[in-house]
Amino acid sequence: MQGAELYTLLIADDEPDILSMLVEYFSTAGYRVLAARDGEEAVRMAEEGPDLVLLDVAMPKMDGFGVCRRLRAHLSCPILFLTARIEDADELEGFEAGADDYVLKPFSLPVLAARVSAHLTREGRQSTSAHVRFAGNITVDFDRCAVLVSGRDARLTAKEFEILSLLAKRPGRVFDRDFIHRSTGGWDAGSDPRGVTELIRRIRQKLSAAGADCDPIETVWGMGYRWLS
């Protein structure tokens, strides 16, 4: 498959044998492959901006339809469903969720590879890399400077978004209040790093009020704050 090394595939399937087979096949063909074993893991891995997604319909934690809807808001790349059976209602739901194609199991690997290649090389198709961070049902869209909870805007202020963005872009790293204060402009001559605590409290409050199913910001006592990775 000429040019395959230029592309990244995200493959999500909860059946270990199928996932292993697909990863090995497409890796050997020269693709960079991201492998996810459930819907939530697929959403997290989509942060790397794949060029095409192969998505099993029936997965734990979040089914393929839910994953597709979540990704389609931020990715324009082709999304192909892998499914053991297809009925009209399922097909309609998949296309409404933003899918580009269905592949029925069992499938021929060469035929699947040809369909993947066709979608990737289709004239006029342009994918945009995701510039997002996912945490539970929270999506941080850095390009749009927006934080969404289940698709709804949490309506953070500009300063609140700056702080959340600083943490979310470096998951797992602890930032103290002084660093957060300096890195987000120092605000004004009369501002105080202690104000960071209040702004993070307001961020958490807004996320919770919007229906967030987790708190993505962890307080590391005596040290500062970090985004949960």
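Bear in mind these aren't lab numbers, they're just calculated from the coordinates by the rules spelled out. All figures in this text were calculated on a predicted structure; none of them were measured in a lab. Ideal geometry is used to build each Cβ from the backbone, glycine not excepted, and the neighbour counts take in all protein chains shown.
Given the peptides 140-152, 29-41, arrange them by the average over their residues of other C-beta atoms within 10 Å, most packed first.
Working: 140-152: 16.0, 29-41: 19.3.
Ranked from most to least packed, the peptides come out as 29-41, 140-152.
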(message) Nearest 10 degrees is fine. How inclined is helix 158-168 to the longest principal axis of the chain, computing both from alpha carbons?
(response) 60 degrees
(request) Can you spot the lysines whose alpha carbon is less than 30 Å from K105's alpha carbon? Ignore those fewer than 8 places along the same chain. (result) K61
(message) Considering just Cα atoms, how many Å³ per residue does the convex hull of the chain enclose?
(response) 139 Å³
(message) What is the angle, in °, between the Cα long axis of helix 88-97 and the longest principal axis of the Cα atoms in the chain? Nearest 10 is fine, range 0 to 90.
(response) 40 degrees
(message) Restricting to DSSP H runs of at least four residues, report the calculated mean residue ellipticity at 222 nm for the chain, -39500 (n - 2.57) per run over all residues, nearest 500 deg cm²/dmol.
(response) -11000 deg cm²/dmol
(request) Before anything else, pin down the relative contact order of the chain: Cα pairs under 8 Å, at least 6 apart, normalised by residue count, whole percent. (result) 14 percent
